[in-house]
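As structure tokens, the structure follows; a few thoughts come after it.
Any read-out appearing in this document is the output of simple, stated calculations on the displayed coordinates, not a laboratory observation. Everything numeric in this text was worked out from a predicted model, so none of it was measured. Heads up, the Cβs are rebuilt from the backbone with ideal geometry, glycines too, and the neighbour counts pull from every protein chain shown.
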Amino acid sequence: MKIQNRLHQITGPLLAGAILFASSAGAEEVNQAVSSGDQSSVYRAVGLGAAAAFAVAVSILGAGYAVGRIGSAAVGALAEKPELLPRTIIFVALAEGLAVLGFAIAMMLLQKI
């Protein structure tokens, strides 16, 4: 129960940070579009910023969940067979790669703004 409460405490600030990151990144483009009067480019910039924030938030949450599950299983396996250390590190690194991929996708989306 403590872990679930902690997860809920961490999820809110992570999502807020991701949204703040994407909105601040697209703010300059939105200001330029508003000054030029082109309404469709404003919606496009806001949509791409929201998509980037969503990509980062979901990938980080998924990676955190995967690392938690895989890490606990890895510790249990290492308690019985210490020679499994290289395999467990590979599995944890693959799960952590989710966060890196989400960040890369967000950067590609922000380049389109």
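If you scan region 43-84, which residues turn out to be of a type in the set (Ser, Thr, Tyr) and in contact with a helix residue (DSSP H, G or I) (Cβ under 6 Å, 6 or more places away or on another chain)? Matches in region 43-84: SER59 only.
Taking the criterion of being surrounded by 13 or more Cβ atoms within 10 Å (Cβ to Cβ) and either outside any helix (DSSP H, G or I) or β-branched (Val, Ile, Thr) (or both), the residues of region 56-99 that qualify are VAL56, VAL58, ILE60, VAL67, ILE70, THR88, VAL92. Taking the listed residues ALA57, ALA63, ALA53, the one that is touching a residue at least 12 places away in the same chain (Cβ under 8 Å), touching an Asp or Glu at 6+ places or on another chain (Cβ under 8 Å) and not β-branched (Val, Ile, Thr) is ALA63, with no other qualifying.
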